[in-house]
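Here is the structure we will look at, set down as structure tokens.
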Ligand code: FAD
Ligand code: NAP
């Protein structure tokens with residue numbers, strides 16, 4: 001039985017910790033509850049905003065709509081053979097708890113994605129990624145309810161149209177599908193470890209690890225993240241505010257001749273990805289505070305709510321950063337965070 005509340009403060013439901021009112025708010029724990037919601041006048045007459053953990057969301061105004069919080073639970077293997085297990089996870093499961101579930105069972109594929117905040121259902125939205133692994137590498141299917149028909153739809157990996165921090169759910173299917181569960185195929189043996197990225201190798205060495213395992217990689221990632229990233233419970237943030245821009249190789253070479261220390265990573269399409277954090281730091285933003293909003297001192301790609309900032313204040317800071325990077329380097333930073 002669903003219960004629709006009115007005028008709910010969204011501050012506890014977004015990791016930026018922005019105070020904003022939802023006109024209506026409902027928590028959904030099953031697809032039956034969602035279908036029940038779809039019969040109500042409120043659903044039929046009010047625009048809606050789906051939220052999981054609110055860790056990739058910037059609220060710049062009150063949500064004069066129906067906020068639907070996803071809380072569908074459950075983790076169960078649906079197929080298993082000698083080398084792999086395919087597991088279904090409810091969209092409302094906490095992503096990191098799901099990763100820990102897999103790590104504890106020695107299921108490989110998501111260990112590099114340890115400690116990413118948010119829910120399982122949001123993972124395919126932007127094809128979450130960290131330390132050289134993206135969730136698209138293990139997603140088998142994404143299941144969701146079509147919000148215009150109530151029909152349960154299954155998207156194959158290919159149909160999700162995954163890209164760098166992208167999927168069909170951020171584009172053609174935006175706001176149209178309520179993701180209810182996902183299935184992932186993980187390894188039981190012959191694991192494919194990715195340890196060459198960022199500080200993983202170095203951290204494993206510090207830990208005294210010679211032969212990495214799923215557990216030690218996960219532990220290394222947790223250690224690095226805990227040291228470098230602000231805990232949203234202590235300092236409001238939504239992780240990386242911008243995507244890392246990708247530019248043509250020629251443009252990169254031109255910039256590199258002027259800025260010799262500019263890092264760059266070749267992509268599959270022969271373009272070059274530049275860490276947005278480096279660009280932002282070069283523009284003097286690292287650790288800077290502007291009114292009640294700020295730029296994190298260790299990781300300038302993370303904007304923070306320093307002291308009860310409004311979403312508009314954080315957005316204004318983001319736009320100033322975007323403008324200064326454009327002016328200095330001619331590169332346009334695109335927000336990764338979903339702005340409402
Ligand atoms: P929300 O913020 O609640 O929602 C995000 C978007 O998805 C919204 O548009 C929402 O409408 C939509 N949505 C959510 N659930 C559903 C659903 N079930 N059906 C349909 N639409 C839905 N991201 C990375 O990729 N890699 C990282 O390493 C990473 N590190 C982070 C570190 C920190 C400290 C923080 C705060 C964030 C980080 N993020 C990272 C961003 C964020 O954690 C992920 O994008 C995460 O998947 C968001 O999950 P969520 O449940 O909080 O989504
Ligand atoms: P980092 O290790 O300091 O690296 C800086 C940037 O360089 C990263 O953004 C990464 O791009 C890129 N990079 C580093 N090594 C690379 C390699 N070997 N090949 C290609 N690209 C490489 O980054 P960090 O800020 O500490 O973050 C570590 C990881 O966690 C990154 O993968 C990052 O994406 C992820 N993370 C994401 C969020 C978020 O909200 N989206 C927040 C925190 C951390 P990529 O970002 O493309 O990997």
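The values are calculated or read from the model by the stated rules, or taken from the named source; none is laboratory data. The structure presented is a predicted model; accordingly, all values stated were derived computationally and were not measured. Methodologically, a virtual Cβ is constructed for each residue, glycine included, from the backbone with ideal geometry; neighbour enumeration extends over all protein chains shown.
Anything in segment 275-294 that is crowded, with 20+ Cβ neighbours inside 10 Å and under 19 Å from the mean Cα position of the chain (by Cα)? List them, or say none.
Across segment 275-294, the qualifying residues are 276, 277.
Residue 92 passes all but one of (1) under 19 Å from residue 154 (Cβ atoms); (2) out of contact with any helix residue (DSSP H, G or I) (no Cβ under 8 Å at 6 or more places or on another chain); (3) assigned to a strand (DSSP E or B); which number fails?
Single failed check for residue 92: (3).
Given (1) within 16 Å of ligand 1 (Cβ to nearest atom); (2) surrounded by fewer than 19 Cβ atoms within 10 Å (Cβ to Cβ), where does residue 307 come up short, assuming only one miss?
With respect to (1) within 16 Å of ligand 1 (Cβ to nearest atom); (2) surrounded by fewer than 19 Cβ atoms within 10 Å (Cβ to Cβ), residue 307 is out only on (1).
Here are the criteria: (1) within 10 Å of ligand 1 (Cβ to nearest atom); (2) touching a strand residue (DSSP E or B) at 6+ places or on another chain (Cβ under 8 Å); (3) assigned to a loop (DSSP other than H, G, I, E, B); (4) under 19 Å from residue 115 (Cβ atoms). Tell me which single one residue 221 does not satisfy.
Checking residue 221 against (1) within 10 Å of ligand 1 (Cβ to nearest atom); (2) touching a strand residue (DSSP E or B) at 6+ places or on another chain (Cβ under 8 Å); (3) assigned to a loop (DSSP other than H, G, I, E, B); (4) under 19 Å from residue 115 (Cβ atoms), the one that fails is (3).
Go through the residues of segment 182-197 one by one and say whether even a single one is in contact (Cβ under 8 Å) with a residue 24 or more places away in the chain, closer than 30 Å to residue 46 by Cα and buried (at least 18 other Cβ atoms within 10 Å of the Cβ).
Yes, some residue in segment 182-197 is in contact (Cβ under 8 Å) with a residue 24 or more places away in the chain, closer than 30 Å to residue 46 by Cα and buried (at least 18 other Cβ atoms within 10 Å of the Cβ).
Just to be sure before I move on: is residue 122 within 20 Å of residue 335 (Cα to Cα), modelled with pLDDT of 95 or more, crowded, with 24+ Cβ neighbours inside 10 Å and within 15 Å of the chain's Cα centre (by Cα) in the structure I sent?
The answer is yes for residue 122.
Please go through segment 155-198 and give me each residue that is within 20 Å of the chain's Cα centre (by Cα) and farther than 22 Å from residue 119 by Cα, ordered by number.
194, 197, 198
Limited to segment 209-252, what total is found for residues that are closer than 28 Å to residue 106 by Cα, near ligand 2 (Cβ under 9 Å from one of its atoms) and in contact with a helix residue (DSSP H, G or I) (Cβ under 8 Å, 6 or more places away or on another chain)? Working first, answer last.
Going residue by residue through segment 209-252, those that are closer than 28 Å to residue 106 by Cα are 209-229, 231, 239.
The next check asks that each one be near ligand 2 (Cβ under 9 Å from one of its atoms); those that pass are 221, 224-225, 228-229, 239.
Next, only the ones that are in contact with a helix residue (DSSP H, G or I) (Cβ under 8 Å, 6 or more places away or on another chain) stay: 221, 224.
Total satisfying the criteria: 2.
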